[in-house]
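Novice: My structure is below; once you've seen it, I'll send some questions.
Values quoted throughout were computed directly from the atomic coordinates according to the rules given, and no laboratory measurement underlies them. Just so we're clear, the structure is a prediction, and the values are computed from it rather than from any experiment. Cβ coordinates were reconstructed from backbone atoms using ideal geometry, including for glycine residues, and neighbour counts include every protein chain displayed.
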Amino acid sequence: MGKKAVIAGGTGFIGSYLKEKYERLGYRVYIISRQHGDIQWSDEQGIRRVLDGAKLLINLAGKSVNCRYTEANKREIFNSRTVTTEILGRAIEHCSQPPELWINASTATIYRHAEDRPMTETDGEIGHGFSVEVAKAWERSLFSFELPNTRQVALRIAIVLGDGGVMEPYRNLVKYRLSGKQGNGRQMFSWIHIEDLYRIMRFMQHRDELEGVFNAAAPAPVTNKEWMKALRGSMNRRAGLPAAKWMLQTGALLLRTEPELILKSRWVLPERLQKEGFQFRYPLLGSALADLNN
């Protein structure tokens, strides 16, 4: 049997990108999903079967946070991350040849709103609120399992720039000339090119001593005002109307989402990755946007 990788929650734009990349490397990639994957989450025997002998497990499962935080949605956001992680951990415990590496998604939102200084794995301050509690529980679910033959890595992923995800609504803002600063525009925007996210995962595979928590963010975050200006420039648009905080709160209500997604200042640096020698292909926003617009 050839090399095998498993991507849980792999039907979104990140999972699809990773699947194509790993298939090019000669992996047989299995997708676990509630809808269109090779294995359903309800099939725990099937999950054990595909995990047994796998080189790599990547877990991206979780309901999108781009919604209103109703009680029903909060339960689904929480459970779609913790329950699926626990299913995977129990399955690995029953593998005769468990995966060598388990990379579990986490989020850079775990840190507090930060306009005063950047957050690193060493001295970053964990925040408060629903999204932070979700992130903390997600990581606890991963590290609650003692798996002597499987390295466990939690990637605190910043906003991923690629062909999908957050790029589409932001591009629509530019298209309809609503791409000025949001709020005061000083909130920090931490991001990562999807290719560098993939390359971080490959880096983890080649470094057997690496485990624990890593910030998956480019080393040059920008302010919201700088982000919107760069995005306008990449789309050849000169100006856009700004949106005050009250406008975002009203608009979020109409669009059934949360203003936190835009207004929270995420100032995150990849301290551990850089100390370990990881080299970003797209460390600067300009080069990342130029690549995505080719």
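Novice: Arrange Arg238, Arg171, Arg281 by Cβ neighbour counts within 10 Å, fewest through most, would you?
Specialist: Details: Arg238 8, Arg171 16, Arg281 13.
The order, fewest Cβ neighbours first, is Arg238, Arg281, Arg171.
Novice: Sticking with this structure for a sec: Which option, (i) 32, 20, 19; (ii) 29, 27, 18; (iii) 25, 21, 21, is the value of semi-axes √(5λ) of the Cα gyration tensor in Å that was calculated from these coordinates?
Specialist: (i)
Novice: Between Gln279 and Gln97, what is 0.36 nm times their sequence separation minus the Cα-Cα distance? Round to one decimal in nm. Working shown, then result.
Specialist: On the way: separation 182, 0.36 × 182 = 65.52 nm, distance 3.17 nm.
Difference between extended and current length: 62.3 nm.
Novice: Pop the C-beta distance of Glu115 and Glu211 into the FRET formula with R0 = 35 Å and round what comes out to the nearest 0.05. Before the final figure, lay out the partial values.
Specialist: Working: r = 31 Å, r/R0 = 0.90.
The formula returns an efficiency of 0.65 here.
Novice: In addition: What is the distance, in nm, between label points placed 7 Å from the Cα along the Cα-to-Cβ direction at Thr122 and at Arg202?
Specialist: Label at Thr122, label at Arg202, 2.8 nm between them.
Novice: A follow-up question, please. Give me Asp116, Asp291 sorted ascending by neighbouring Cβ count inside 10 Å, so fewest comes first. Don't skip to the end; give the middle numbers.
Specialist: Working: Asp116 8, Asp291 16.
Ordered by Cβ neighbours within 10 Å, fewest first: Asp116, Asp291.
Novice: Moving to a separate point now. Using alpha carbons only, how many angstrom separate the centre of segment 181-221 from the centre of segment 157-175?
Specialist: Answer, in whole Å: 16.
Novice: When the dipole is taken about the Cα centre of segment 66-171, and only Lys, Arg (+1) and Asp, Glu (-1) are charged at their Cβ, what size is it in debye, to the nearest 20?
Specialist: Here segment 66-171 has a charge dipole of around 220 debye.
Novice: So, one more: Say a site is exposed when it is one of the GluC sites (Glu not before Pro), sits in a DSSP loop, and has at most 15 other Cβ atoms within 10 Å; what is then the longest site-free stretch of the chain?
Specialist: Working: sites that count: Glu100, Glu115, Glu125, Glu146, Glu209, Glu276.
Longest stretch, sites excluded: 1-99.
Novice: Sticking with this structure for a sec: How big is the dipole moment of the chain about its Cα centre under a simple scheme where the beta carbon of each Lys and Arg is +1, that of each Asp and Glu is -1, and everything else is neutral? Debye, nearest 20, please. Before the final figure, lay out the partial values.
Specialist: Values: 42 positive and 32 negative charges, 232 e Å.
Around 1120 debye, computed over the chain.
Novice: What is the gain in length, in nm to one decimal, between Asp52 and Glu168 on full extension, counting 0.36 nm per residue of separation less the C-alpha to C-alpha distance? Intermediate results must be reported in sequence, preceding the final value.
Specialist: Values: separation 116, 0.36 × 116 = 41.76 nm, distance 3.69 nm.
Separation in residues times 0.36 nm, less the Cα-Cα distance, equals 38.1 nm.
Novice: Measure off 7 Å from each Cα along the Cα-to-Cβ vector at Arg272 and Ser287, then give the distance between these two points in nanometres to one decimal.
Specialist: The two pseudo-label positions are separated by 2.5 nm.
Novice: Counting DSSP beta bridges in segment 144-221, what percent are antiparallel, to the nearest 5? Before the final figure, lay out each step's value.
Specialist: Numbers: 1 of 9 bridges.
Percentage antiparallel, nearest 5: 10.
Novice: Mind sorting Lys55, Lys4 by how few other Cβ atoms lie within 10 Å of their own Cβ, fewest first? Walk me through the numbers on the way to the answer.
Specialist: Values: Lys55 15, Lys4 19.
Neighbour counts put them in this order, fewest first: Lys55, Lys4.
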